[in-house]
Amino acid sequence: MREMPGPLSGRRVLVTRPARQSRSLIETLEAAGAQVDTCATIETVPLEHNSERLGILNPADHDWFVFTSQTAVRFFFESIEPPPNHVPQDRVGRDRQTTTASRELPGPRIAAVGPATARALLDRGFTADLVPEESNAEALTRAMLKVLPSGTRVLFPRARGGRETLVEGLESAGMRLTLIELYESRPAIEFAGRLQSLIASAGLDVVTFLSPSAIDGFMALSAGQRVAPRLCGCIGDVTASRARFHGLQPLVTADPSSIDGLVKALVNHLSG
């Protein structure tokens with residue numbers, strides 16, 4: 001019996017981040033029948049002086065750690081030896097609720113912006129105690145404010161030039177925030193030729209973006225090539241706003257802000 005073609009069968013989709021960081025999106029697109037190409041539009045580089053600062057911090061001086069990307073998780077743990085409050089992999093729960101595994105040991109609790117960031121933590125043996133239903137800074141801020149009292153000591157490792165939504169929300173509620181910029185994003189110049197070739201390809205139907213910085217990198221590398229009328233798929237409202245700023249149309253926005261929400265939005269638009 002022949003399998004029915006997926007709703008994105010025959011569609012060619014470009015994912016604008018490295019394949020190793022896009023496993024969930026690639027698999028979900030392919031399950032829907034899409035042909036997927038990948039081309040990173042940004043690269044992340046460490047800010048060594050701040051990494052050294054993080055390395056000498058005492059984790060016990062903080063009540064919570066908060067992570068807003070998989071990249072922040074990677075640079076955080078690469079900066080700390082040994083990692084604080086390690087939970088052996090076989091004791092870590094795998095659901096999105098608060099687990100007993102992470103609460104059996106003293107030390108900071110962990111908040112993650114979404115499932116992908118929580119999985120990055122889990123890969124290192126840590127369970128996120130708090131993950132909002134929507135994967136964006138606004139939802140994370142609201143979730144944290146519901147459970148963290150004023151005066152809570154929060155360590156927030158992030159990218160240089162990151163959004164201030166979480167910072168402003170926590171500080172306005174009286175949190176004691178330690179902000180460390182561990183890395184910065186910049187256009188992945190080495191992939192400019194590949195990206196321009198993909199844009200010029202007649203068979204490319206969709207370009208996906210999972211962050212505003214990915215769009216900035218895309219515009220820098222594309223050298224003014226016309227992207228329209230290819231559809232642009234954005235992970236959330238902030239990313240979509242950056243796409244509109246750069247004149248990328250038409251576009252669809254994930255609802256909810258998640259990988260599944262993005263693919264569903266693409267399917268609905270292209271099937272309509």
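Coordinate-derived values only; no laboratory data. This one's a predicted model, so the numbers in the text were calculated from it and none came from an experiment. Ideal geometry is used to build each Cβ from the backbone, glycine not excepted, and the neighbour counts take in all protein chains shown.
Mind checking which residues of region 191-247 are among the hydroxyl-bearing types (Ser, Thr, Tyr) and touching a Gly at 6+ places or on another chain (Cβ under 7 Å)? Before you say what the answer is, go through the steps one by one.
Let us first name the residues in region 191-247 that are among the hydroxyl-bearing types (Ser, Thr, Tyr), namely 197, 201, 208, 211, 213, 222, 239, 241.
Matches in region 191-247: Thr208 only.
Give the residue, chosen from Ile180, Ile199, that is under 27 Å from Ile80 (Cβ atoms) and either among the hydrophobic types (A, V, I, L, M, F, W, C) or touching a Lys or Arg at 6+ places or on another chain (Cβ under 9 Å) (or both). Reasoning before the result, please.
Details: Ile199 fails: under 27 Å from Ile80 (Cβ atoms).
Checking each option against the conditions leaves just Ile180.
From the list Leu130, Leu148, exactly one residue is of a type in the set (A, V, I, L, M), surrounded by 15 or more Cβ atoms within 10 Å (Cβ to Cβ) and without any contact (Cβ under 8 Å) to a residue 40 or more places away in the chain. Which is it? Before you say what the answer is, go through the steps one by one.
Numbers: Leu148 fails: without any contact (Cβ under 8 Å) to a residue 40 or more places away in the chain.
On inspection, the qualifying residue turns out to be Leu130.
Given the options Leu266, Leu248, name the one that is in contact (Cβ under 8 Å) with a residue 24 or more places away in the chain, hydrophobic (A, V, I, L, M, F, W, C) and either assigned to a loop (DSSP other than H, G, I, E, B) or in contact with a Pro (Cβ under 8 Å, 6 or more places away or on another chain) (or both).
Values: Leu266 fails: either assigned to a loop (DSSP other than H, G, I, E, B) or in contact with a Pro (Cβ under 8 Å, 6 or more places away or on another chain) (or both).
Exactly one of Leu266, Leu248 is in contact (Cβ under 8 Å) with a residue 24 or more places away in the chain, hydrophobic (A, V, I, L, M, F, W, C) and either assigned to a loop (DSSP other than H, G, I, E, B) or in contact with a Pro (Cβ under 8 Å, 6 or more places away or on another chain) (or both), namely Leu248.
Specify the residue that is farthest from the chain's Cα centre (by Cα); the eligible residues are those in region 242-272 that are among the polar types (S, T, N, Q) and either surrounded by 14 or more Cβ atoms within 10 Å (Cβ to Cβ) or under 19 Å from Gly224 (Cα atoms) (or both).
First, the residues of region 242-272 that are among the polar types (S, T, N, Q): 249, 253, 257-258, 268, 271.
From the residues that got through so far, the ones that are either surrounded by 14 or more Cβ atoms within 10 Å (Cβ to Cβ) or under 19 Å from Gly224 (Cα atoms) (or both) too are 249, 253, 257-258.
On the way: Gln249: 22, Thr253: 15, Ser257: 11, Ser258: 10 Å.
Ranking the qualifying residues of region 242-272, first place goes to Gln249.
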